[in-house]
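Beneath this line is the structure, given in structure tokens, with notes to follow.
The values are calculated or read from the model by the stated rules, or taken from the named source; none is laboratory data. Not measured: the values here are computed from a predicted model. Cβ placement follows ideal geometry from the backbone for every residue including glycine, while neighbour counts extend to all protein chains displayed.
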Protein chains: 2
Amino acid sequence: MSDFAIEKPVPYYEKLYHTIKKMIFEGKLKPGDRIIETQLAKDFNVSKSPVREAIRILEKEGLVIVDQKSRVMVYQPTMKDVEEIYFCRMALESFAVELVTRIATNDELDEIEKTLMHTEQAIRDSQKNDTIITLNELFHSLIINYTQNSRLQKQLNDLKSLIYFFRVLNTQGENRADNILNQHRKIFECIKRREADQASQAMINHLKLDLEHLTEILSNSYEETKL
Amino acid sequence: MSDFAIEKPVPYYEKLYHTIKKMIFEGKLKPGDRIIETQLAKDFNVSKSPVREAIRILEKEGLVIVDQKSRVMVYQPTMKDVEEIYFCRMALESFAVELVTRIATNDELDEIEKTLMHTEQAIRDSQKNDTIITLNELFHSLIINYTQNSRLQKQLNDLKSLIYFFRVLNTQGENRADNILNQHRKIFECIKRREADQASQAMINHLKLDLEHLTEILSNSYEETKL
DNA sequence: GATGATTTGTGCGTATGTATG
DNA sequence: GCATACATACGCACAAATCAT
């Protein structure tokens, strides 16, 4: 096994890209916060060049925005943005699940089913929210991965990044976890019965409900979030 | 009309991004060509910093790729890539047309119809291929725009960029322009009759045929293009 | 093959211009 | 206006890869 992987030294701009992204996900940089390249360069003991390159990538990804005066800030999705993103998710994921219904192997179906069972278990055990969220995301990821379309995966990953903050909000509410699980189950049943159209429709319904739920929660907390 | 647009000076990195992109579209930089930042910096009389930032954006967009040794090259789509991209287009555009069928105003329908008539005229007049290609693309653009979803527009724009080279190839062949026009007509008829599902299906069929046609042409010229 | 020269990418410090208070 | 903070861009230094001898 002469697998001498060439360990390519990761350049600073790439490391910084990941680091800044992580800081946004972890809330160390909040939506609307300014990003000062000088400051970041100082914090990480690097020059501004790699910081700027990292920012250009994040800008293209949509995670940071640059205003008229070239000031960089963390992306703050508007309600319209959220709707647009969900619309795209519906398009991509409904098509994906339709395809997967046709081509998935039985092993792959088992894998999805296992995830649903783990989720059920987690809810029953009153596991902390994070675990359940992760399992829910795994459900979607499995379907997307089974299409074996890497571009689709990338597109959906980027879309989800943009509303990452809301993943916790989305699980708030009475019996919310159970509701989501039931919707996932419905989708899975369609897949298992190899009913592509129904699976597709079930996915759209699921995402529509997700969006409605999110909309409601967000409009309730309008004052704080200033969407 | 006190429209004092603040003329924000466009920074070099942004200009360079557009310029390089244009060079790729115009074939001055061909798929697989190396991009030397030192060279570009010299050519445009700028330093390497803005060139590098432009490259990071293009890299994120997928138009250039960076190999293991950090060498930058123009993206060269593989057959698998083309299929993946078309798959995403099917998902997004079929969903888009479905929505548009439901919400488009009559004026908007007229606009689409007008485009089809212009195309017919252009074919009858044996206009040059470019005109017809532009009109065909306009057909798709109109539908996408009428969804009023800017993110969808951006996603599809980026996708189309990645296979921009093939737009000419796609119109090659016996009666190809007529065939495409007929498929567009079918889609439009569904929209006009407000039959959302049929419109969606017609769009998928259209793109499937496009992909098949492209696949055939590309596999014929396999030797030259090394896909 | 080894080795020196050249090309190229990575990253830094500094200068300049612009906005903000 | 003046001072500060910041983004933009440049030229240089260094290192790694490539090429020629």
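Pull out all pairs, ordered by first then second residue, where Cβ-Cβ is under 7 Å, the residues are six or more apart or on different chains, the first lies in region B:89-104 and is of a type in the set (S, T, N, Q), and the second is surrounded by fewer than 24 Cβ atoms within 10 Å (Cβ to Cβ) and not in a helix (DSSP H, G or I).
Sorted first by the residue in region B:89-104, then by its partner, the pairs are B:T101/B:R194; B:T101/B:E195.
Out of curiosity, is A:S126 out of contact with any Ser or Thr (no Cβ under 8 Å at 6 or more places or on another chain), in contact (Cβ under 8 Å) with a residue 40 or more places away in the chain and loosely packed, with under 13 Cβ neighbours inside 10 Å?
No: the conditions fail for A:S126.
Does A:R194 satisfy the condition of being outside any helix (DSSP H, G or I) and either modelled with pLDDT under 95 or touching a Ser or Thr at 6+ places or on another chain (Cβ under 9 Å) (or both)?
Yes: the conditions hold for A:R194.
Among the residues in region B:28-43, are any among the small types (G, A, S), farther than 30 Å from B:A196 by Cβ, more than 13 Å from chain A (Cβ to nearest Cβ) and touching a residue at least 24 places away in the same chain (Cβ under 8 Å)?
yes
Return only the number of the condition from (1) crowded, with 22+ Cβ neighbours inside 10 Å; (2) farther than 23 Å from A:L218 by Cβ; (3) out of contact with any Ser or Thr (no Cβ under 8 Å at 6 or more places or on another chain) that A:P9 does not satisfy.
The one condition A:P9 does not meet is (1).
Residue by residue through region B:161-187, note down the ones that are within 14 Å of chain A (Cβ to nearest Cβ) and without any contact (Cβ under 8 Å) to a residue 12 or more places away in the chain. Can you show your working first?
Going through region B:161-187, the residues within 14 Å of chain A (Cβ to nearest Cβ) turn out to be B:161-163.
Once the filter is applied, which keeps residues that are within 14 Å of chain A (Cβ to nearest Cβ) and without any contact (Cβ under 8 Å) to a residue 12 or more places away in the chain, region B:161-187 yields nothing.
What's the number of the condition B:T119 fails, among (1) within 19 Å of the chain's Cα centre (by Cα); (2) polar (S, T, N, Q); (3) within 16 Å of DNA strand D (Cβ to nearest atom)?
(3)
Of (1) more than 29 Å from B:L156 (Cβ to Cβ); (2) more than 11 Å from DNA strand C (Cβ to nearest atom), A:F95 satisfies all except one. Which?
The single condition A:F95 does not satisfy is (1).
Would you confirm, using the coordinates I've provided, whether B:V72 is under 25 Å from B:P11 (Cβ atoms) and away from DNA strand D (no atom under 15 Å from the Cβ)? Steps first, please.
Values: under 25 Å from B:P11 (Cβ atoms): yes; away from DNA strand D (no atom under 15 Å from the Cβ): no.
Answer is no for this residue.
Hey, can you tell me all the residues within region B:18-58 that are surrounded by fewer than 16 Cβ atoms within 10 Å (Cβ to Cβ), within 12 Å of DNA strand C (Cβ to nearest atom), outside any loop (DSSP other than H, G, I, E, B) and of a type outside the set (D, E)?
Listed by number, the residues that qualify are B:R34, B:T38, B:Q39, B:K42, B:K48.
Got a number for residues in region B:68-116 being exposed (fewer than 13 other Cβ atoms within 10 Å of the Cβ) and of a type in the set (S, T, Y)?
Count: 3.
Of all residues in region A:37-50, which are of a type outside the set (D, E) and either more than 8 Å from DNA strand D (Cβ to nearest atom) or within 26 Å of the chain's Cα centre (by Cα) (or both)?
Initially, region A:37-50 is screened for residues of a type outside the set (D, E), giving A:38-42, A:44-50.
Hits for region A:37-50 are A:L40, A:A41, A:K42, A:F44, A:N45, A:V46, A:P50.
Can you list the helices (runs of 4 or more DSSP H) lying wholly within region A:66-152 that have 2 or more residues being within 13 Å of chain B (Cβ to nearest Cβ) and within 21 Å of A:K21 (Cα to Cα)?
A:79-103
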